[in-house]
1. Looking only at residues that are out of contact with any Phe, Trp or Tyr (no Cβ under 7 Å at 6 or more places or on another chain) and buried (at least 17 other Cβ atoms within 10 Å of the Cβ) in the range A:241-252, which one is farthest from A:Pro221 (Cα to Cα)?
2. Out of A:Arg113, A:Arg134, report the one residue that is under 26 Å from A:Pro221 (Cβ atoms), modelled with pLDDT of 95 or more, among the charged types (D, E, K, R) and open to solvent by 10 Å² or more (accessible area, probe 1.4 Å).
3. For the range B:373-383, which positions are within 10 Å of chain A (Cβ to nearest Cβ) and not aliphatic (A, V, I, L, M)?
4. Filter the range A:297-349 for residues that are within 14 Å of chain B (Cβ to nearest Cβ) and part of a loop (DSSP other than H, G, I, E, B) and give the result.
5. Among the residues of the range A:24-78, which ones are open to solvent by 70 Å² or more (accessible area, probe 1.4 Å), part of a loop (DSSP other than H, G, I, E, B) and under 23 Å from A:Thr498 (Cα atoms)?
6. Given (1) in contact with a Gly (Cβ under 6 Å, 6 or more places away or on another chain); (2) closer than 14 Å to A:Leu525 by Cβ; (3) not in a strand (DSSP E or B), where does A:Gly374 come up short, assuming only one miss?
7. For the structure I just gave you, tell me whether B:Arg411 is open to solvent by 10 Å² or more (accessible area, probe 1.4 Å), more than 16 Å from B:Cys302 (Cβ to Cβ) and of a type in the set (Lys, Arg).
8. Can you pull out every residue in the range B:110-130 that is of a type in the set (Gly, Ala, Ser) and part of a loop (DSSP other than H, G, I, E, B)?
There are 2 protein chains.
Amino acid sequence: MNFSLGVDYGSNSVRALVVRCSDGRELGACVVGYPSGKEGILLDGKDHHLARQHPGDYLTALEKCVRGALAEAAKTKGFRADRIIGIGVDTTGSSPIPVDAANRALGTVAKWRKNLNAQCWLWKDHTSWREAARITELAAKHRPQFIAKCGNTYSSEWFWSKIWHCLKTDRAVFDAAYSWVELSDWIPSVLAGVTDPREVRRGICAAGHKALYCDEWGGLPDKKFLSMLDPKLAGLRDRLYAKAHDATASAGALCKAWAGRLRLRAGIPIAIGEMDVHYGAIGSGIAEGTLVKVIGTSTCDCAVVPATKNVADIPGICGIVKGAILPGFYGIEAGQSAVGDIFKWWIETVCAGDAALYGRLEKEAAAKAPGASGLLALDWNNGNRTILVDPMLTGLLVGTTLHTTRAEIYRALIEATAFGARAIIERIEEYGVPVKRVVCAGGIAEKSPMLMQIYADVTGRTMQVAGSSQACALGSAVSAAVLAGEFRDFPSAQKAMTSVKPVQYKPRPAARKTYNRLYRLYMGLHDAFGGVNRASDLSRTMKELLEIQQSVTK
Amino acid sequence: MNFSLGVDYGSNSVRALVVRCSDGRELGACVVGYPSGKEGILLDGKDHHLARQHPGDYLTALEKCVRGALAEAAKTKGFRADRIIGIGVDTTGSSPIPVDAANRALGTVAKWRKNLNAQCWLWKDHTSWREAARITELAAKHRPQFIAKCGNTYSSEWFWSKIWHCLKTDRAVFDAAYSWVELSDWIPSVLAGVTDPREVRRGICAAGHKALYCDEWGGLPDKKFLSMLDPKLAGLRDRLYAKAHDATASAGALCKAWAGRLRLRAGIPIAIGEMDVHYGAIGSGIAEGTLVKVIGTSTCDCAVVPATKNVADIPGICGIVKGAILPGFYGIEAGQSAVGDIFKWWIETVCAGDAALYGRLEKEAAAKAPGASGLLALDWNNGNRTILVDPMLTGLLVGTTLHTTRAEIYRALIEATAFGARAIIERIEEYGVPVKRVVCAGGIAEKSPMLMQIYADVTGRTMQVAGSSQACALGSAVSAAVLAGEFRDFPSAQKAMTSVKPVQYKPRPAARKTYNRLYRLYMGLHDAFGGVNRASDLSRTMKELLEIQQSVTK
């Protein structure tokens, strides 16, 4: 009986999961929050675009959560830690870390300990929005192929924007950094005892989706292009990497020091690091025709298309990268910059509510019929990742009266995220990627039947829920099990180790009809405020919302 | 030493005020809420457009509040109730009441006691929005002069819309009503003991602003026009009135029965009834060049122009009526359908806050610089009265992020009402009515220095606050004092009896500059959603809000 260990680095905490390879049974799990900052995130009161994390937190929390998961697994008869045959790691991304020549994160070195720019630049850091816009501009002019694969817009959430912003605003940190390593590559490299950044095995997932890496043009962007940004970035290219790998490759073997700290067998293989949602997609059973939505603070959508097929670039889609999710497939990623974060903002920040208010508003909102509130919102409180790829967009709510309740607004915000989800599905289908089945993973999918039903009604697709509550960590464990030779390939490992829950949410015709009307109004606002339509007629929006309200409340 | 009694019927309560004629000193005041419904308003859970009041409440509350005010005044040496020389009454409007042939409000008659349609149709009842639209349509085609004086749009808040809606939806009530009397006319008529609706002295104020009355076309709309609505309305015309009066006329003399109930001298003159804000304007010192804003649940703006001048019709302005406010002047009325009501909705309904939260949010919001929140709102939670005259518009909020606070939204809502106020000032100035000075009356003007400063910064005008907290009741008392012969005319009565507070709010140049930018964005939304511009470019709205935010928070 063999076991696999999956480690999932989220935005606020890290989770370790011990899984039985034969059937995917989860024997032990443990979550540990990052001790620094606000819920693990270092913020700057003067700039709400800033979001960093202290890299030392990743290591102390890792030790705690792995030991916790092992302790829990040990309660199951037949479990032995030395039968863990591999480790898989997934993390947020793009979350680049400046490291010194010994692969130490700068933020863990005394001199840089307090400097925010020397820490990990968390995915949701948007300080580099100007740099992102400039990269988009330069690439459009000089290397259109670079950004064609990421929806024609390079994001402020990504690798080069962040490093360039560091160079422009904190030269000392940039100069002190020998290299920059994605969190998803750095953790495996630390576990493998890699002490030279040039030897860190880089995953194609972060490289391809966030760093403009593609084998077609010889890896990372050429020096000539990088020099247009800044010659210093061209210089950095040599200290990054020449090759990135899919999940058939290993990131290394567990070093003795970390084997001791984690109480695991030294030498077991470490799977190549992937971004959380990509391993989450694997843990949710991704296959051709299946869209996996990992719904959390934000939402990531993953789809795969066999690498043998011809996939067109899809405007507005974050990335199409060969090997990024499943080896042998193009990985397609899209997403919404804020989903759970919007609900949390509404309930905790605006309504100043506690955990109980979630339940109360859920109940109240669920009792409303689609369209009954007369409200319509745009889900852009953290910008729009797909399909507009514009972080400089903001939230909008229309249709409020003197009778509008907080529960109605809560529901309107959920509906807004569902409309955003529909826009993504329609865009990728339009470009030939079929979406026959949707599997949702993440806490919200399990906790909110209302949200799932709204998503089904809005998108017109049956929504399923991933069998595991820890799909990302499970996917990491699946990857480690394949790498360790427990399965011949990913599909057979997924068949054995992953599942969906029995509950299904099917579109209801009447709700679907109302949401079709609302979706047209949503797209009107979307196109007008998103700059797709610069001569939009919104004069009927408020009136149609009232008409829909009248038609469903009679 | 003579005294005057002003009675002010608000949306939730009635107030009596005893004033010394020589200097306007307020000797006694008393407020009594209407006992029925929710805060005095009868609602219908199934139709949020509906707002009615039980007319019996007006009479029981009147007796209580007058007695209360007299009791308080009696504490002042020299006061005697028999030295009250006149009574003035102001009320909300258009609030028509169906009455029987004896001038009894139907709602007070046992048979109709429980029928919502037999009650007073409160100003903010919008059930007749379809009828209003149809009246606008018919008038535009057949009698354009009728609606030219009320901004080219007849409102669902007004006399004919409401009566027609009653006829269409509750024929029994319509048939039982011998006539319909505005609340501002009905209360004086009751005090004067009038028992025949045809003998009720009607004020030009409600007649001209709400019932399409104008001497130019022979009073109320002609029968031919009314027949286009419904022949029954043409029939009703004979049972309404042929002539309406300005405040030089008397509504009658206090009858014995009511003199006994109120403990006043029988036979003292009763001033013609006016709508609350019109007497409020008089109580705030209205004169040519002075705009009076009565800021309450909604806001009414009043201006006057000498009747000798030529005043053009002003598109979007609720009404221009000769004699409506001050005798000898055109009265110009504009307004915003919800102001205090929006703040109340935000704090009490959405934030579920109590009285203390007003203070907390006020303090937090006041600490923010103009533009710092990145937010922009439309103040249309109860439709737009001026300058779009469209009750089928709703509220909008744009610019929210995951960091937006309830206090920032509170401030954005206040700013939205300020932008709405500016749109009104710019519209009337554009048509030749000068606004040199703004005097604000109502509780909000006194309680919120933040709001007053925002209004000054947004409109670019110095804001003053009416000296009396009870400007409407004071204006009623002024009218009664003039009618009773205590002063030779209104200006001399206003000089003696009214004042402004020492505090003044002056526009600050930096804030003004920021608000000018925001106002342009506000007008962009206003014109797009209000139907003024059907090919609007809103693609820069969110970006400009972020730019403004950046520029003021650096």
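The values are calculated or read from the model by the stated rules, or taken from the named source; none is laboratory data. Keep in mind it's a predicted model, so treat the numbers as computed, not measured. Heads up, the Cβs are rebuilt from the backbone with ideal geometry, glycines too, and the neighbour counts pull from every protein chain shown. Surface areas here come from the heavy atoms of the whole protein model, side chains and all, with no ligands, DNA or RNA. Shrake-Rupley method; radii C 1.70, N 1.55, O 1.52, S 1.80 Å.
1. Here the residue is A:Gly252.
2. On the way: A:Arg113 fails: under 26 Å from A:Pro221 (Cβ atoms).
Being under 26 Å from A:Pro221 (Cβ atoms), modelled with pLDDT of 95 or more, among the charged types (D, E, K, R) and open to solvent by 10 Å² or more (accessible area, probe 1.4 Å) holds for just one of A:Arg113, A:Arg134, which is A:Arg134.
3. B:Gly374, B:Trp380, B:Asn381, B:Asn382, B:Gly383, listed by residue number.
4. A:Thr297, A:Ser298, A:Ser337, A:Ala338, A:Val339, listed by residue number.
5. Matches in the range A:24-78: A:Arg25, A:Lys75, A:Lys77.
6. The one condition A:Gly374 does not meet is (2).
7. yes
8. Across the range B:110-130, the qualifying residue is only B:Ser128.
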